[in-house]
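Below is one structure; the comments refer to it alone.
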Amino acid sequence: MSDSKKIFDEISKLTTEQRNPKSVNIDKLPTMEILKIINEEDKTIPFAVEKEIPYIEQAVEIVVHALKNGGRLLYFGAGTSGRLGVVDASECPPTFGTPYGLIDGFIAGGKEAMFRAQEGAEDFEDNGARDVISAGVNSKDVVCGIAASRRTPYVVGAVKKAKELGAKTLFITTNPREHFNIKEVDVAICPYVGPEVIMGSTRMKSGTAQKLVLNMITTTVMVRLGKTYENMMIDLQMTNKKLIERAKRIVMLITGVTYEEAQDYLQKANYHVKSALVMIKANVDFQEAQKLLEQADGFVRRAIEIKLSQK
């Protein structure tokens with residue numbers, strides 16, 4: 001069998017490549033009816049993701065362990081899936097104060113593929129394996145493959161090579177779990193969203209499901225690593241005026257200080273929100289606040305409790 005016929009047969013069997021009976025006549029419908037069909041199909045996505053929560057939990061535990069022990073979380077994908085991984089990774093530093101590179105995204109075709117499709121780049125497993133090697137993946141890391149079809153060669157090659165190098169591996173696909181054909185993976189997350197409104201257009205329901213899963217993984221990991229106080233981000237990087245003002249508001253909400261006092265404490269804390277919070281809540285200076293945070297493994301609540309227990 002030729003390679004082309006093999007790919008044709010593989011694609012023909014994928015759920016994401018089937019026709020959706022609810023949208024068969026979409027080209028005959030008025031705008032309002034088209035929008036209603038898309039919206040009705042989109043409503044099914046959270047329920048598909050909900051069924052995968054036990055597997056998402058396993059993924060979170062793996063990532064938390066890796067990040068606590070010198071590892072990284074690295075996404076590998078192509079097309080929409082690759083872009084979603086890059087977006088999720090790029091938003092972690094400003095939101096949660098993570099160092100750049102701790103969570104990173106790689107897309108078939110490189111940076112150019114973020115803005116303009118480089119479709120042929122996904123066709124070779126060697127390209128994924130090469131990017132894994134270039135990223136210096138090792139046994140401390142977690143590599144997460146993202147591919148709606150679960151067969152994208154670039155992603156398959158990346159996950160295989162990562163496994164060979166001793167890294168933990170995750171895989172996010174929107175085809176059914178029973179169709180999953182990558183044996184060497186630690187956790188597979190498979191929200192089954194069914195056929196797309198437009199056959200094969202996995203930027204739609206599949207892309208939305210993948211985005212939801214990525215949000216759940218990194219947000220939960222960051223909560224587990226002490227990056228929030230209650231439901232507020234307290235390790236954000238103040239890289240623009242909006243984030244500076246958000247930081248002041250967070251300090252005010254948690255401690256009850258005035259706008260001016262929040263600004264003063266943030267200046268004294270070198271604009272480190274966690275330190276400012278501990279300074280206020282535990283009534284200590286910047287140096288002691290940092291020591292308390294170090295003892296508390298970065299958790300603000302724990303740092304305050306440590307100080308209060310000493311009194």
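For segment 213-219, 3J(HN,Hα) computed residue by residue from phi via the Karplus equation (6.51, -1.76, 1.60; θ = phi - 60°) reads 5, 4, 4, 5, 5, 5, 5 Hz, glycine and proline entered as x.
Remark: relative contact order (the chain) = 18 percent; criterion is Cα-Cα distance under 8 angstrom and separation of 6 or more residues. When the Gaussian network model of the chain links Cα atoms closer than 10 Å, the mean-square fluctuations of D186, D88, D264 top out at D264. Excluding same-chain neighbours fewer than eight residues apart, the aspartates and glutamates reachable from K291 by a Cα-Cα span under 20 Å are D235, E305.
Backbone N atoms of segment 182-204 closer than 13 Å to the 7 Å Cα→Cβ label point of E33 are not found in any residue. Residues in segment 162-173 carry Karplus couplings, in order, of 4, 4, 4, 7, x, 6, 6, 10, 10, 8, 10, 9 Hz; the curve used is 6.51 cos²θ - 1.76 cosθ + 1.60 with θ = phi - 60°, and Gly or Pro positions show x. Distances between placed amide hydrogens fall under 5 Å for I172 paired with G145, I146, A147, I189, all partners being 5 or more residues away or on another chain. Counted over the chain, the DSSP beta bridges are approximately 10% antiparallel. Of the candidates R116, R130, R301, which one comes out as most mobile in a Gaussian network treatment of the chain with C-alpha springs shorter than 10 Å? Highest fluctuation among the options: R116. Build a GNM of the chain with springs between Cα atoms under 10 Å: which of G298, G136, G166 gets the top mean-square fluctuation? Looking only at G298, G136, G166, the largest GNM fluctuation is found for G136. Its alpha carbons give segment 9-224 an Rg and a Dmax of 17.0, 56 Å.
Couplings 3J(HN,Hα) for segment 257-269, derived from phi with the Karplus relation 6.51 cos²θ - 1.76 cosθ + 1.60 (θ = phi - 60°), are 6, 7, 4, 5, 5, 4, 4, 5, 5, 5, 4, 5, 9 Hz, where x marks Gly and Pro. Between the amide H of G105 and those of Y75, distances stay under 5 Å, these residues lying 5 or more places away or on another chain, with hydrogens modeled in the peptide plane. The distance separating the Cα centre of segment 244-300 from that of segment 100-158 comes to 39 Å.
Greater than 31 Å separation of Cα atoms is the criterion. Which listed pairs, K160/K205; K13/K163; K140/K248; K160/K211, meet it?
On the way: K160/K205 27 Å; K13/K163 27 Å; K140/K248 36 Å; K160/K211 23 Å.
In this structure, K140/K248 exceed 31 Å between Cα atoms.
Rule-based calculations on the coordinates, nothing more; no lab input. Note that the structure is predicted; figures quoted are calculated from it, not measured. In this analysis, Cβ positions are derived from the backbone assuming ideal geometry, glycine residues included, and neighbour counts consider all displayed protein chains.
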